[in-house]
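Below is one structure, written out as structure tokens; comments come after it.
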Amino acid sequence: MKYIVSELSRWSRSTPDILSTLEELRTRKVSLLAQSRLEFDLTSPQGKLIATLLAGLAEFERDLIRERVSSGMVAAKSRGTRFGRQPGYIPALVREKESQVLELIQQGLSYRKVAESLGLSKNTVMRIVRDSQQALPNRK
């Protein structure tokens with residue numbers, strides 16, 4: 001039985017894992033044919049050698065890509081680029097309710113109760129309170 005494989009590197013993240021998969025296929029008498037028409041006869045020493053070399057090269061390529069991405073992220077962070085989810089946008093409708101939120105919090109209501117009473121999410125209430133506290137000057 002023969003199967004067509006687009007890329008050996010798509011199977012796994014490491015050479016040992018690819019080799020164990022290839023060994024399992026060999027025990028089931030499956031041979032592989034790459035799209036480049038390179039045939040892997042896993043029962044022959046040449047086929048095993050080619051599969052091992054290509055698996056090692058694929059792992060090396062993935063490691064290089066991971067290293068480049070990591071160094072690129074470090075460089076971007078040093079330039080001030082922020083990663084991850086960006087702060088959410090508070091629409092004008094919510095901005096109108098800021099004073100009500102702060103007033104209810106001052107009265108001792110919980111974030112959840114304030115959110116329910118004003119039709120906001122608890123996280124929005126928390127963000128409004130946090131932003132208002134950051135806007136206050138430090139008092140000594």
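We did not get these values from a lab; they are worked out from the coordinates using the rules stated. Keep in mind the model is a prediction, meaning the values are calculated, not measured. We place every Cβ from the backbone using ideal geometry, glycine too, and count neighbours over all the protein chains shown.
In Å, what is the Rg of the alpha-carbon atoms in region 55-130, and how long is Dmax?
For region 55-130, the Cα-based Rg and Dmax read 21.8, 65 Å.
What are the ³J(HN,Hα) couplings of region 99-110, residue after residue, when phi is run through the Karplus curve with 6.51, -1.76, 1.60 and θ = phi - 60°? Round to Hz, x for glycine and proline.
5, 5, 4, 5, 5, 5, 5, 4, 6, x, 6, 6
Excluding residue 71 itself, what net charge comes from residues whose Cβ is under 14 Å from its Cβ, given Lys and Arg +1 and Asp and Glu -1?
Residues close to residue 71 contribute a combined charge of +2.
Arrange the peptides 76-83, 124-131, 17-24 so that the one whose residues have, on average, the most other Cβ atoms within 10 Å appears first.
124-131, 17-24, 76-83
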